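Student: Take a look at the following structure, please.
Any read-out appearing in this document is the output of simple, stated calculations on the displayed coordinates, not a laboratory observation. Just so you know, these numbers come straight off a predicted model, no measurement behind them. A quick note on method: Cβ atoms are made from the backbone with ideal geometry, for glycine too, and the neighbour counts reach across all protein chains shown.
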């Protein structure tokens with residue numbers, strides 16, 4: 001079992017080759033191949049590699065499949081005793097990627 005922990009936009013994501021992940025929006029076209037080079041941890045055939053903070057010469061190859069929008073989150077703020085209410089909605093832009101391989 002091979003997996004890696006990578007840093008994507010301030011979040012640490014555990015990824016495995018051959019799976020799909022929804023991550024924060026990346027400004028690239030669907031079909032583009034991208035490389036994530038901030039690999040923090042790598043487990044390959046029960047051999048562990050830990051970076052400080054990142055591993056050298058290790059990167060993750062991924063393909064962008066499509067761009068999508070997450071479910072709506074409703075933000076409702078109330079200030080007590082002021083008769084002040086505000087309701088807003090937010091939909092985060094996401095990118096769906098397919099992890100092809102972890103290369104070292």
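Student: Please say if the stretch 62-103 is rounded, prolate or oblate, where rounded means a/c under 1.5 for a ≥ b ≥ c the square roots of the C-alpha gyration tensor eigenvalues, and otherwise the choice is prolate for a/b larger than b/c and oblate otherwise?
Tutor: The shape class here is prolate.
Student: What spacing in nm lies between the two simple spin-label points modelled at residue 72 and residue 16, each 7 Å away from Cα in the Cβ direction?
Tutor: With each label point 7 Å from Cα toward Cβ, the separation is 3.5 nm.
Student: If packing is taken as the average number of other Cβ atoms within 10 Å across a peptide's residues, how do 74-82, 40-48 rank, most packed first?
Tutor: So the order, starting with the most tightly packed, is 40-48, 74-82.
Student: Given a Förster distance of 22 angstrom, what is the FRET efficiency for residue 1 paired with residue 98, based on the Cβ-Cβ distance and rounded to 0.05?
Tutor: 0.75
Student: Relative contact order of the stretch 1-84, please, whole-number percent, based on alpha carbon pairs below 8 angstrom and at least 6 residues apart.
Tutor: Reported relative contact order: 28 percent.
Student: Let me make sure I get this right: for the chain, a, b and c are the square roots of the gyration tensor eigenvalues over alpha carbons, sorted descending. Under 1.5 in a/c it's rounded, otherwise prolate if a/b > b/c, else oblate. Which is it?
Tutor: prolate
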